[in-house]
Amino acid sequence: MTRTNYDGASASSLHGPLADRPANPAVGREVPHEAAALHVTGAALYTDDLITRTPGVLHAWPVNAPHAHALVTALDVSPALDVPGVVRVLTADDVPGINDAGIKHDEPLFPTEVMFHGHAVAWVLGETLEAARQGAEAVAVDYEPLPSVLTLTEAIGAGSFQGARRTVSRGDADAGLARAHRRFRGVFEFGGQEHFYLETMCSLALVDEGGQVFVQSSTQHPSETQEIVAHVLGVPSHAVTVQCLRMGGGFGGKEMQPHGLAAVAALGATLTGRPVRLRLNRTQDMTMTGKRHPFHAEWEIGFDERHRITGLRATLTSDGGWSLDLSEPVLARALCHIDNAYWIPDIEVHGRIAKTHKTSQTAFRGFGGPQGMIVIEDILGRCAPQLGISAEELRRSNLYAPGQATPYGQPVRHAERLTAIWSELQQRAGYLDRVAAVEAFNAAHEDTKRGLAITPVKFGISFNLTAFNQAGALVHVYKDGSVLINHGGTEMGQGLHTKMLQVAATALGVPMSTVRLAPTRTDKVPNTSATAASSGADLNGGAIKNACEQITERLADVAARMINCHPADVRFVDGVVTGIGFADRQLTFAEVVGAAYHQRVQLWAAGFYRTEGLHWDAERMQGEPFKYFAYGAALSEVEVDGWTGAYRLRRTDIVHDVGDSLSPLIDVGQIEGGFVQGTGWLTLEELRWDTTDGPNRGRLSTQAASTYKLPSFSEMPEEFHVHLFERATESGVVYGSKAVGEPPLMLAFSVREALRQAVAAFGPGGIEVDLGSPATPEAVFWAVEAARRGRPEPALAASAASEAYAAGNHSGAEVSAVSGSYAQA
Ligand code: MTE
Ligand code: MOS
């Protein structure tokens with residue numbers, strides 16, 4: 001029997017290395033999303049659509065606390081039970097197992113201490129949603145308000161932190177700074193982001209005659225939802241099955257936060273014996289669930305005479321909200337991405353997590369990577385004018401070169417792709433002509449200015465935590481030759497299922513039309529990792545390919561006897577089975593399958609995949625946590641109106657590396673979507689909490705689409721070109737592809753940096769431009785005002801920088817940005 005060697009060294013001739021593609025593969029074809037027709041006709045089923053098919057369903061509604069921080073001193077549910085239609089009120093007393101929504105045991109499901117405004121202290125079940133809502137209003141709760149910590153500044157001042165502190169370092173940061181020709185330091189605080197998936201959090205729980213719990217949940221991590229439901233109910237995992245049909249977007253928001261909600265629904269179902277549906281409406285979802293972490297960064301950087309970075313010292317503080325959730329791994333990824341695409345020889349970056357009385361911040365596309373990378377991009381954008389060179393040149397001359405390694409010790413393999421992508425992008429976008437055109441435009445217009453910027457992306461692919469880099473699949477071939485696949489990944493619109501159908505069709509050598517994919521369920525594939533870290537296709541694709549190869553290996557024996565050739569010479573292409581040199585003897589896949597069945601050959605297989613070659617010391621923050629890096633670069637052009645700060649995104653060009661694409665339409669869609677979502681984070685989307693001492697302290701003020709501005713069609717670049725980097729086979733990954741889900745989000749730095757360029761054009765030049773993040777029109781307006789005043793370089797002392805920081809909070813929001821440069825070393 002042959003073995004598939006995933007590092008590609010010595011494989012059988014039947015199955016080549018993992019990255020190799022057979023003849024006429026289904027991968028690489030431009031196929032539409034597998035459910036596109038269902039999405040656009042409204043026929044696609046989401047979890048909440050199931051309630052019309054579920055008789056006797058009860059509806060759940062939360063009792064939300066109206067304080068940022070308080071003790072629950074009394075809870076009386078009896079008035080709620082008098083409300084017609086109310087069936088039951090769930091409280092901590094009802095929990096038979098562990099009263100916790102997470103795995104770190106710092107998130108009580110039914111809390112006695114309210115930790116954020118909107119925290120649910122009890123849940124009401126009603127015959128109708130309206131009955132449950134009225135019941136929740138009737139529940140009588142007494143609170144003893146406590147002092148609260150809301151902003152990062154308050155948390156840092158109060159020393160309110162949680163979780164482990166980590167440091168990434170290499171060499172001697174002080175020595176690196178000391179040998180610099182120019183040094184700068186600054187403080188930068190930037191905002192979080194609401195996921196705003198179109199489908200809000202939803203679970204539907206049922207109990208069968210044997211007490212088995214079946215929870216349908218909009219979750220990126222069905223196995224962990226299963227685990228949490230089981231520990232809340234106090235039953236083993238085998239008593240709980242979780243299914244995810246599909247999600248209307250997850251974006252990281254459904255990696256951990258669906259668990260507690262699923263547990264509430266499951267608890268309600270076990271106590272009442274009736275199906276329970278829990279769906280948050282938009283306000284509840286925005287008020288109660290975690291978001292992208294806002295960060296605070298303090299930094300000091302040095303450059304040599306040739307503008308090369310000599311050293312960086314920084315402290316990143318993330319706002320974790322009330323519980324840890326995924327804050328530690330998010331911080332780890334931020335620390336591992338502060339270098340972005342740049343070589344920083346001597347570096348020391350500290351990370352810590354603030355504890356605040358807000359929603360528990362969580363995964364969001366990029367998972368801390370964007371928060372690390374924005375710091376270095378902000379630094380380079382500010383320092384370039386003070387160094388007297390263009391930001392483009394500063395960035396280009398600091399890009400990683402082959403042979404260099406990241407601060408955590410991982411060689412930057414294929415670093416040459418960064419410069420190749422950079423020049424291809426410039427050439428495709430007509431960079432030099434465009435620079436001249438922008439300069440001419442700016443010279444001719446006093447109150448409208450254009451800006452052009454190019455920024456790179458280098459993003460590590462794999463879960464930092466090595467154990468998560470495994471996946472399973474189940475592939476069934478039926479007697480008629482049709483195929484049903486199941487894998488551990490979830491579909492949230494990103495096209496994973498489409499890619500998995502293509503992988504299975506390729507590995508079995510059958511037409512895609514003969515392969516069907518069944519929804520993700522924990523009783524089909526157990527112990528799965530979250531569909532996250534962009535690794536869904538790498539991991540589950542590896543597992544599906546492995547399962548398919550077990551089947552084709554067995555079928556090859558059967559076919560070889562039928563064709564009279566050696567099993568290693570059997571080929572499966574498009575539903576036809578032949579032997580090398582026996583092209584006249586063609587069998588259909590179904591014929592071979594039928595023969596195999598009669599010979600009692602197993603026609604299904606469970607597949608498994610683990611990413612090879614990873615190691616990571618999470619405490620020392622050293623090792624090679626990533627299988628590879630995804631690379632890309634974007635060039636954006638904006639136009640800013642100096643009177644209002646309003647701006648337009650005129651054009652964006654992108655060259656992005658997805659290896660050899662598994663599915664080019666899907667990948668281009670992911671790049672466009674990621675870029676626009678990143679642009680939303682950096683320019684429009686502003687979360688504001690009530691930070692006054694009034695009665696609503698801690699309340700999220702932006703809790704609807706009316707007050708939280710999302711990118712829409714009108715914010716798309718007027719001209720948008722996405723090009724997939726060619727001849728980019730990634731060895732050691734399924735069919736030579738690379739992950740695509742998150743990295744393109746960070747291409748949006750080009751928009752923020754283009755805005756900075758346009759703002760600078762209002763001023764005399766040679767001075768730094770501070771830009772708040774998000775760079776809303778309001779923030780851009782204040783930056784233009786400052787540029788027009790031609791504000792001189794801040795004073796030399798560090799204290800001046802921090803003074804400027806406090807005064808620079810133009811918008812009144814938590815977001816501000818100021819740096820100061822000081823004496824040359
Ligand atoms: N694309 C769509 N349409 N919807 C989503 O929710 N989530 C993103 C990205 N692209 C998301 C998306 C995030 S956060 C991740 S980690 C990846 O998809 C997860 O899927 P993958 O591993 O299959 O790429
Ligand atoms: Mo994505 S933030 O890893 O779910």
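The values are calculated or read from the model by the stated rules, or taken from the named source; none is laboratory data. Everything numeric here is computed off the predicted structure, so don't read it as measured data. Quick reminder, even Gly has a Cβ in these numbers, built from the backbone with ideal geometry, and neighbours come from all protein chains shown. The accessibility values were calculated without ligands, DNA or RNA, using every heavy atom of the protein model including side chains. Shrake-Rupley method; radii C 1.70, N 1.55, O 1.52, S 1.80 Å.
Considering every residue within the stretch 578-586, establish whether at least one is within 24 Å of M256 (Cα to Cα) and more than 16 Å from ligand 2 (Cβ to nearest atom). The answer is no; no qualifying residue exists.
Regarding V477, is this residue crowded, with 24+ Cβ neighbours inside 10 Å and either more than 30 Å from A314 (Cα to Cα) or modelled with pLDDT of 95 or more (or both)? For V477, the condition - crowded, with 24+ Cβ neighbours inside 10 Å and either more than 30 Å from A314 (Cα to Cα) or modelled with pLDDT of 95 or more (or both) - is met.
So if I check each of A453, A533, which one is in contact with a helix residue (DSSP H, G or I) (Cβ under 7 Å, 6 or more places away or on another chain) and not acidic (D, E)? Give the steps one after another, and end with the answer.
Details: A533 fails: in contact with a helix residue (DSSP H, G or I) (Cβ under 7 Å, 6 or more places away or on another chain).
Going through A453, A533 in turn, the sole match is A453.
Annotation for the stretch 476-489: no member residue is more than 22 Å from Q602 (Cβ to Cβ), in contact (Cβ under 8 Å) with a residue 40 or more places away in the chain, away from ligand 2 (no atom under 14 Å from the Cβ) and not aliphatic (A, V, I, L, M). Scanning the stretch 727-739 for residues that are away from ligand 1 (no atom under 16 Å from the Cβ) and either among the basic types (K, R) or assigned to a loop (DSSP other than H, G, I, E, B) (or both) yields a count of 5. Looking across the stretch 500-539, the residues that are assigned to a helix (DSSP H, G or I) and within 16 Å of ligand 2 (Cβ to nearest atom) come down to G536, A537, D538, L539. Annotation note: Cβ proximity below 9 Å between a residue of the stretch 650-663 that is assigned to a strand (DSSP E or B) and a residue that is basic (K, R) and open to solvent by less than 10 Å² (accessible area, probe 1.4 Å) (sequence gap 6+ or interchain) occurs for G659/K738. When V503, V457 are screened for being within 30 Å of R648 (Cα to Cα) and within 15 Å of ligand 1 (Cβ to nearest atom), only V457 passes. Within the option set A262, A297, being surrounded by 24 or more Cβ atoms within 10 Å (Cβ to Cβ) and either outside the structural domain of D172 (by TED's automatic domain parsing) or among the β-branched types (V, I, T) (or both) holds for one residue only, A262. Evaluating E30 against the criteria (1) open to solvent by less than 60 Å² (accessible area, probe 1.4 Å); (2) farther than 29 Å from F214 by Cα leaves one unmet condition, (1). Count of the stretch 323-342 residues, restricted to those that are in contact with a helix residue (DSSP H, G or I) (Cβ under 6 Å, 6 or more places away or on another chain) and either open to solvent by 10 Å² or more (accessible area, probe 1.4 Å) or of a type outside the set (A, V, I, L, M) (or both), is 4. The C-beta contact set for the stretch 529-556 (first residue over 18 Å from L614 (Cβ atoms), second residue assigned to a helix (DSSP H, G or I) and within 16 Å of ligand 1 (Cβ to nearest atom), distance under 7 angstrom, 6+ apart or interchain) comprises T531/L496; I544/M500; I544/V503; I544/A504; K545/V503; K545/V734; C548/A504.
Just one of the numbered conditions (1) touching a Lys or Arg at 6+ places or on another chain (Cβ under 9 Å); (2) in a loop (DSSP other than H, G, I, E, B) is not true of W643: (1). Screening T362, T356 for residues that are among the hydroxyl-bearing types (S, T, Y), within 16 Å of ligand 1 (Cβ to nearest atom) and open to solvent by less than 10 Å² (accessible area, probe 1.4 Å) leaves exactly one candidate, T362.
Rundown of residues vs (1) in a loop (DSSP other than H, G, I, E, B); (2) crowded, with 21+ Cβ neighbours inside 10 Å; (3) in the same structural domain as F116 (by TED's automatic domain parsing), yes/no style:
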site	(1), (2), (3)
L687	yes, yes, no
T692	yes, no, no
P695	yes, no, no
G698	yes, yes, no
F720	no, no, no
G741	yes, yes, no
E753	no, yes, no
R756	no, yes, no
G766	yes, no, no
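Criterion applied to E298, E255 was being over 25 Å from A43 (Cα atoms), touching a residue at least 40 places away in the same chain (Cβ under 8 Å) and in contact with a His (Cβ under 9 Å, 6 or more places away or on another chain), and the one residue passing it is E255. When V121 is tested against (1) out of contact with any Ser or Thr (no Cβ under 9 Å at 6 or more places or on another chain); (2) in contact (Cβ under 8 Å) with a residue 12 or more places away in the chain; (3) not acidic (D, E), just one condition goes unmet, and that condition is (1).
Is it true that some residue in the stretch 289-296 is away from ligand 2 (no atom under 16 Å from the Cβ) and part of a strand (DSSP E or B)? Yes, some residue in the stretch 289-296 is away from ligand 2 (no atom under 16 Å from the Cβ) and part of a strand (DSSP E or B).
Within the stretch 410-429, is even one residue farther than 16 Å from F184 by Cβ, hydroxyl-bearing (S, T, Y), open to solvent by less than 30 Å² (accessible area, probe 1.4 Å) and within 27 Å of the chain's Cα centre (by Cα)? No - not one qualifying residue is present in the stretch 410-429.
For residues that are of a type in the set (V, I, T) and farther than 30 Å from R561 by Cα, scanning just the stretch 593-645, find the one that is surrounded by the most Cβ atoms within 10 Å (Cβ to Cβ). If you could, list the steps in order and put the result at the bottom.
Of the stretch 593-645, the ones of a type in the set (V, I, T) are 593, 601, 611, 638, 640, 644.
Filter again for farther than 30 Å from R561 by Cα, leaving 611, 638, 640, 644.
Working: T611: 23, V638: 30, V640: 27, T644: 13.
Restricting to residues being of a type in the set (V, I, T) and farther than 30 Å from R561 by Cα, the top hit is V638.
So that you can scan it fast, the table gives a plain yes or no per residue for (1) among the aromatic types (F, W, Y); (2) under 24 Å from I767 (Cα atoms); (3) in contact (Cβ under 8 Å) with a residue 40 or more places away in the chain; (4) surrounded by fewer than 24 Cβ atoms within 10 Å (Cβ to Cβ):
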| position | (1), (2), (3), (4) |
| --- | --- |
| A180 | no, yes, yes, yes |
| R183 | no, yes, yes, yes |
| V187 | no, yes, yes, yes |
| G192 | no, no, yes, no |
| F196 | yes, no, yes, yes |
| C202 | no, no, yes, no |
| L206 | no, no, yes, yes |
| G210 | no, no, no, yes |
| Q216 | no, no, yes, no |
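Considering A44, A101, A70, the condition of being closer than 24 Å to Q257 by Cβ and touching a Phe, Trp or Tyr at 6+ places or on another chain (Cβ under 9 Å) is satisfied by A70 alone. Each residue in the stretch 540-578 was checked for being more than 16 Å from ligand 1 (Cβ to nearest atom), open to solvent by less than 20 Å² (accessible area, probe 1.4 Å) and in a helix (DSSP H, G or I), and 11 of them qualify.
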